[in-house]
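Peer 1: I have a structure here, written as structure tokens, and I will follow up with some questions on it.
Readers should treat all values here as calculations from the given coordinates under stated rules, not as data from a laboratory. Values in this document were obtained by computation on a predicted structure and should not be read as measured data. Neighbour counts run over all protein chains shown; Cβ positions are idealised from the backbone, glycine included.
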Amino acid sequence: MLFHIFISRLKIHIRNKEALMWSLAFSLVLGTLFFVAFSSIYKSSRNTTIPVALVEGEGMPALPVEDLGEAYDFLQNDKYLSESSSFSEMLGNLTYEDGTKILRVKTADMEEAKTLLEKEKVDGIIDTGDVTDIKLLVKKSGIHQSILTSIVSTFRQYVTMITETALHSPQELEGVLNDLEEELSFVEEKSLSGENKDPYVAYFYNLIAMMCMMASMAGVAVPIECQANLSDVGARVNVSPIHKGVYEFIGLLAALIVQIVITMIGLTYLIFGLGIQFGGNTLVIYLTAILGTVLGVSLGFFIGHIGNLSSKTKYTLLTTVTVGGGFLSGLMFAQMKVIIEKNVPFLNRINPSAVITDAFYSINMFGISGRYYRAILYMVLLTVVFLICGLIMSRRKSYASL
Amino acid sequence: MQVFKTFFKIAWSYKPGLFLYLGICAFMTFMVAAQFGNSEGEVKYGNESYHIAVVDKDHSTLSNAFVKYLKKQHTVEEKAYDKDLVKDLIYYTEISAYITIPDGFEKNHLEKNPLKVESLSDSGQAAGVFINIQLSSYLESVARFERAGFSLEDAVANTEKSVDFEEFVEIPGLEKENSHPNNSISISANGSKLYSLFLFLPYPVMTILLSCVLPVILVFREKEIRNRTSISAVSETACNIALAAGGAVVSLLVFLGLTIFTSCFLGEDVFHGKWAYAVLNLFLFTVVTAMLLILMDSFSFLGIRKAMDVLTNIIALGFSFLGGIFVPLSVLGNGVKTVGKFLPTYWYAVSLERIDAGKGFSELAGCFSMELLFGVVCLALGLAVVNLRKS
């Protein structure tokens, strides 16, 4: 008997082709759109080599040469600043942490350099014509221009140091020049750990969370079809000898199986079809998505039992919770989740979408650690609370007439 | 008139959707307005300004000077966060770096046994590299000046003089362009307030019209209701005109509501030329979205009424992400922009950029035309599908 009901409920879900098609379409279409929109952004913002033009020349120093004395000689004969080939070589040897070269230097005269800048073949022009006043010419503001500014600024600091010392404490000049040879380090650079640091992957976490939350539409149908005042099937169930709680449980199980299959298809498309790097163990990602789907179905089960609301109101309430929850977990703006975490962290613990998103984020950035277990704990807790509340609300309902 | 009145009765039953999306819009408006209200850092030409968090455990002359320098370069938040939250903040690009100045920093510095400043960032990103170069450069310079015999105050003063990029960065008579941090996923605060507040309005326009107007029209397309209407005294044309009028009134109300609400945050920028163009841009977008509803209505036979939530999300989110509404156009790749050119949201965002740059109507007309063209295509396709079905 129970198996028969289970098969019947399963058939009901499978034959609801429109619901199945749209649920699948949501993950496949939106996943593809997200992929098109975000796949190249992070790569393009990674450490890239900056093209720069280096203009050499014999410009006049801005400061009086006689005052600079030995310092001017040093600057003119310095292996970095006077021999443009060495200076160019040194600029070209600057590298990021991952070994990528920071600059690609092209030596040119000012006219050629300006043409290159105008055509955006280079991001800036370093003008070493006057060694006491190195200039940077840029066309627009941006991260590449900012990095160039910092590099030129460092060289200007050396120059300022030498000229200031020459002008105010010439007796220290030799020590300063020797000191410049020594490498100093005052910053301990720590890099963000984690497998995939692309922040745009967060939109895919939210997409999976939304897929899981959409499973709640199947979950809400279960109690609606057990309530005599909301559906004909509910009226029939109420006059049948089967225990309503058992019927609901079986219905929930059938809905869950169908929804899990939909989530798995969507997730497989994202991981293997589009090649989205979620970070972490793929099996754990699948298991987390299954748990998320259970949470979604249980949310629907809970809302389906709230009061004597009409089925339309219940569906509307569910839409509000899923879309509103999606917004707060970052479906529209990925940053929203962390803004909420900063200001109202409690909201991220009770918002099912945020909890699911956090689980995927934790796998990627923290691995299977305390943070991931915390997310799983909240998912399980919310599921249990929704199911228990739903079951409590489903009890002792009787109808004067059917 | 009967159909017109019924339209509103049914539309009112979809009020939760209306309030949900209006709530999202209000939340986003407050966020954007707050970004402008709290902005400490000024984006200086030639240098990129980032949001960073600094924890000064030393509170000494040196650390204060260092923090002051950082405040001049970036938007600095002086707040300590727990380890996990710091990672979250950097990952989601809410901050680009988390800098900790250790206790005893100045004391050790003066004793020639310097403690290192800790900088946590995504070093694979240019922003992280840039900030770390800045930090190293400043601290190294102060130390070298001190070694050269300068006092701490003079060392700091000389360093600040040498790092003042306005002294050495030149712009060879070329036009200034707006740019955005490459890895930012935040709501853009790099344009003007008008630009940022109007940029995301297509999202609420699309979601509200798709979730509150389209379902009402689709109710009238249901077989039973359609049959009843066809044998009633109301002709099919009159019914369609009433539905179109109902849709137009709701669209107009949504447009007016969003315009008034957003304008409340603009202060004295309201009623200026740029504002008028931005409002015109939004109006055109609302008209185009209304035309899109006609196209979707023509596909009512596919049973799309049951999938309105899914469709609303797919269309509104898809159009917004591909059109540069949620992620600035400057960040999107060329491929995405090519796809975006077929969407009204792209032309809306481009128009808004041009409006923000102070362009006149002649330079906006092209974008407005492209927006309208999308609407006209939708309208034509919608009518063609209806005619095809009838035949």
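Peer 1: Mind checking the full-extension length gain between A:LEU184 and A:ASN308? Use 0.36 nm per residue of separation minus the Cα-Cα distance, one decimal, nm.
Peer 2: Details: separation 124, 0.36 × 124 = 44.64 nm, distance 7.24 nm.
This chain segment gains 37.4 nm when fully extended.
Peer 1: Based only on other Cβ atoms within 10 Å, what is the fewest-to-most ordering of B:LYS161, A:LYS106?
Peer 2: Numbers: B:LYS161 14, A:LYS106 17.
By the 10 Å Cβ count, ascending, the order reads B:LYS161, A:LYS106.
Peer 1: Hey, for a label at A:LEU167 modelled as a point 7 Å past Cα toward Cβ, could you say which residues of region A:120-154 have their backbone N under 16 Å away?
Peer 2: A:131-134
Peer 1: Another one. Assign unit charges at the C-beta atoms only (+1 for Lys and Arg, -1 for Asp and Glu), then state the dipole size of the protein assembly as shown relative to its Cα centre in Debye, rounded to the nearest 20. Mind showing how you got there, number by number?
Peer 2: Working: 63 positive and 75 negative charges, 1480 e Å.
Here the size comes out at about 7100 debye.
Peer 1: Multiply the residue gap between A:GLN277 and A:GLU120 by 0.36 nm, knock off their C-alpha separation, and tell me the result in nm, one decimal place.
Peer 2: Working: separation 157, 0.36 × 157 = 56.52 nm, distance 3.29 nm.
That pair, A:GLN277 and A:GLU120, stretches by 53.2 nm at full extension.
Peer 1: I'd like the FRET efficiency for B:ASN113 and B:HIS272, computed as 1/(1 + (r/R0)^6) with the beta carbon distance as r and R0 of 56 Å, rounded to 0.05.
Peer 2: 0.45
Peer 1: Points 7 angstrom from Cα along the Cβ direction at B:LYS57 and B:ILE225: gap in nanometres?
Peer 2: Those two pseudo-labels are separated by 6.6 nm.
Peer 1: Using only DSSP helix segments of four residues or longer, with each worth -39500 (n - 2.57), what per-residue ellipticity at 222 nm results for the protein assembly as shown after dividing by its residue count and rounding to 500? Provide the component values of the computation, followed by the final result.
Peer 2: Working: 36 runs with 501 residues, N = 793.
The per-residue figure over the protein assembly as shown is -20500 deg cm²/dmol.
Peer 1: Cα convex hull of region B:241-391: mean projected area in nm², to one decimal?
Peer 2: On the way: hull surface 42.1 nm².
If I average the Cα hull's projected area over directions, I get 10.5 nm².
Peer 1: Using all alpha carbons of chain A, what is the percent of pairwise distances in each 20 Å bin, ordered from the shortest bin to the longest?
Peer 2: Using 20 Å bins, I get a P(r) of 22, 34, 22, 15, 6, 0 for chain A.
Peer 1: For q = 0.11 Å⁻¹, what log10 I(q)/I(0) does the protein assembly as shown give under the Debye formula with an equal point scatterer on each alpha carbon and no solvent?
Peer 2: Ignoring solvent entirely, the Cα scatterers give -1.23.
Peer 1: Put +1 on the Cβ of every Lys and Arg and -1 on every Asp and Glu Cβ in chain A; which of A:PRO223, A:PRO241, A:PHE278 then has its Cα farthest towards the positive end of the dipole?
Peer 2: Final value for the positive-end residue is A:PRO241.
Peer 1: Treat chain B as a sphere of radius equal to its Kirkwood radius over Cα pairs and apply Stokes-Einstein at 37 °C in a medium of 0.692 mPa s; give the translational diffusion coefficient in µm²/s, rounded to a whole number.
Peer 2: Working: Rh = 24.4 Å.
Here the translational diffusion coefficient equals 135 µm²/s.
Peer 1: Next question. Given A:LYS337/B:LYS79; B:LYS71/B:LYS107; A:LYS190/A:LYS342; A:LYS101/A:LYS342; A:LYS101/A:LYS135, which pairs have Cα atoms separated by over 25 Å?
Peer 2: Numbers: A:LYS337/B:LYS79 19 Å; B:LYS71/B:LYS107 23 Å; A:LYS190/A:LYS342 22 Å; A:LYS101/A:LYS342 37 Å; A:LYS101/A:LYS135 22 Å.
A:LYS101/A:LYS342, as the Cα separations exceed 25 Å there.
Peer 1: Which FRET efficiency value, to the nearest 0.05, do you get for A:LYS43 and A:VAL385 by plugging their Cβ-Cβ distance into 1/(1 + (r/R0)^6) with R0 = 30 Å? All intermediate terms of the calculation are to be shown ahead of the outcome.
Peer 2: Working: r = 41 Å, r/R0 = 1.38.
My answer for the efficiency is 0.15.
Peer 1: Between beta-carbons, use under 11 Å as the cut-off and find the net charge around B:TYR91, counting Lys and Arg +1, Asp and Glu -1. Intermediate results must be reported in sequence, preceding the final value.
Peer 2: On the way: positive: A:LYS197, A:LYS337, B:LYS87; negative: A:ASP198, B:ASP84, B:ASP88, B:GLU94, B:ASP122.
Local net charge: -2.
Peer 1: Okay, moving on. Net charge near B:SER263, counting Lys/Arg +1 and Asp/Glu -1 over other residues with Cβ under 15 Å of its Cβ? Please list the in-between numbers first.
Peer 2: Values: positive: B:LYS193, B:LYS274; negative: B:GLU268, B:ASP269.
It works out to a net charge of 0.
Peer 1: For region B:43-167, what are Rg and Dmax over the alpha carbons, in angstrom?
Peer 2: Rg then Dmax for region B:43-167, in Å: 14.4, 44.
Peer 1: Related question: For the modelled label position 7 Å from the Cα of B:PHE283 along Cα-to-Cβ, which residues of region B:348-386 have backbone nitrogen atoms closer than 15 Å?
Peer 2: Residues B:361, B:365, B:368-369, B:372 qualify, since their backbone N sits under 15 Å from the label point.
Peer 1: Would you mind computing, in nm to one decimal, how far apart the modelled labels at A:ILE257 and B:ALA238 are, each placed 7 Å from Cα along Cα→Cβ?
Peer 2: Taking the two extended label points, one gets 5.4 nm.
Peer 1: Here's something else I'd like to know. As an exercise, use a Förster radius of 45 Å and the Cβ-Cβ distance of A:MET21 and B:ASP84 to find the FRET efficiency, rounded to the nearest 0.05.
Peer 2: On the way: r = 40 Å, r/R0 = 0.89.
So the FRET efficiency works out to roughly 0.65.
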